[in-house]
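Since the structure comes first, as structure tokens, the remarks are kept for the end.
The values are calculated or read from the model by the stated rules, or taken from the named source; none is laboratory data. Being a predicted model, the structure only gives us computed values, none of them experimental. Positions of Cβ are backbone-derived with ideal geometry, glycine not excepted, and every protein chain shown enters the neighbour counts. With ligands, DNA and RNA removed, areas are computed over all heavy atoms of the protein, side chains included. Shrake-Rupley method; radii C 1.70, N 1.55, O 1.52, S 1.80 Å.
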Amino acid sequence: MVVFALFIISKAGGLIYNREFHTGLAKLTSNDYLMLAGSFHGMHAITKQLCPVMPQPPNPTSAAAVLAPSPFSGRPSGLEVLETSHFRMQCFQTLTGTKFLLFTEPQQPNIDSMIRKIYELYADYVMKNPFYTVEMPIRCEKFDRNLDGFVKVRS
Amino acid sequence: MSGAPNQTPGLRYPSNKKTIYDRNLNRSKNAELSRAAFAYLFVEMISYAQQRVRGIADLEKRLNTQGYPLGLRLLDLLLTRTANPLSSIRPTRILPLLQFIAQTLWRHLFARPADALERSESDSSQYMLFDNEPLVNQYISLPREMSQLNCAAFVAGIIEGVCDGAGFATEGVSAHSVAEQEGGGGEKEKSAKGAELWPGKTVFLIKFKQEVLEREEILGRG
């Protein structure tokens, strides 16, 4: 159960938080991180456009027709999972447009619950902090501390 | 302020013409409040206090002012609600007052008693109330330039309201983070050791006025 890194990308596409939990990864400059985040943001938007459109039922107001469960549920979403032989990247987009990118090892189970817990920590220690301006880089000591605690316990 | 309010029915003037003063006092006795709701409200209170403020001391003073009326009202409410008729009188000595604050008030606000109550060795008019992890500070991470601020100044305001309402005039009640005290002095070293275990440990310094101490001495003699 190894988590490599966490990125948080704001609604506008800027990187507001990046943190590595695993030593031994190749070092990138901070500029590289910003470019990575920006590229992902653009790619996410493109893949959202590529998503297949939900087929319109032939007679939407007909109450008699019983439709089979459709695989096209909800709105189209962008890129969610990127998996390679070395790592797996999962993207969770909140309703407000903030994206959480979690990099883990390929066989990591329970990624959904991990991302949900990280989202909870974000909602607690970042959003309820009076000294944090939304969409700005995150510099909250309690968020870092609790994130560390959570990731260390899981790995 | 006279006559029946000629308003359309709403939250403040319900259609059965009963105002908040007609409600039973014990109705909200065991009521619980969502911690997140309070946290968001507190964020707005701090932002409001921060407008056009001139420094950290001024910001703490404003938070103190925000908590003061709460203390005045809580004193009466909590005394009314005590089950034992003997203890529902206003405390007249310093130690029962401080115990009322550390036990009853803290339990009402935070569902647990305060962690320690001490009298300062260097200054006999100063008492110290310790809280290892103030609830109001739970989600707050201070930026580096504001590391001297302690938002528990709001709770200090509540304490000041209780003391003033009970007739014990104070010079001031302030909230300080224990971790930032420099070493030196036996009592400070003891509390500094606790600060490693509890990084948010806060001490509330209650400084009573001279006439309160004189009165206490006279009452102690008689």
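When the residues of region B:19-37 are filtered to those that are within 14 Å of chain A (Cβ to nearest Cβ), free of Cβ contacts under 8 Å to residues at least 60 places away in the same chain and not in a loop (DSSP other than H, G, I, E, B), the one that is surrounded by the most Cβ atoms within 10 Å (Cβ to Cβ) is B:36. The lone criterion from (1) within 14 Å of chain A (Cβ to nearest Cβ); (2) over 22 Å from residue B:204 (Cα atoms) left unmet by residue B:84 is number (1). Residue count for region B:42-77, restricted to those that are assigned to a helix (DSSP H, G or I), open to solvent by 100 Å² or more (accessible area, probe 1.4 Å) and either within 14 Å of chain A (Cβ to nearest Cβ) or hydrophobic (A, V, I, L, M, F, W, C) (or both): 2. What's the number of the condition residue B:112 fails, among (1) open to solvent by less than 30 Å² (accessible area, probe 1.4 Å); (2) under 30 Å from residue B:34 (Cβ atoms); (3) modelled with pLDDT of 90 or more? It is condition (1) that residue B:112 fails. Scanning region B:120-136 for residues being among the aliphatic types (A, V, I, L, M) and more than 13 Å from every other protein chain (Cβ to nearest Cβ) gives a total of 2.
Identify the residue in region A:20-50 that is at pLDDT 85 or above and assigned to a loop (DSSP other than H, G, I, E, B) and, among all such residues, is nearest to residue A:5 (Cα to Cα).
Restricting attention to region A:20-50, the residues satisfying the condition of being at pLDDT 85 or above are A:20-21, A:29-50.
Filter once more, keeping what is assigned to a loop (DSSP other than H, G, I, E, B): A:21, A:29.
Details: A:21: 6, A:29: 15 Å.
Top of the filtered list is A:21.
Considering only residues in region B:137-158 that are more than 8 Å from chain A (Cβ to nearest Cβ) and free of Cβ contacts under 8 Å to residues at least 24 places away in the same chain, the one that is most open to solvent (accessible area, probe 1.4 Å) turns out to be B:144.
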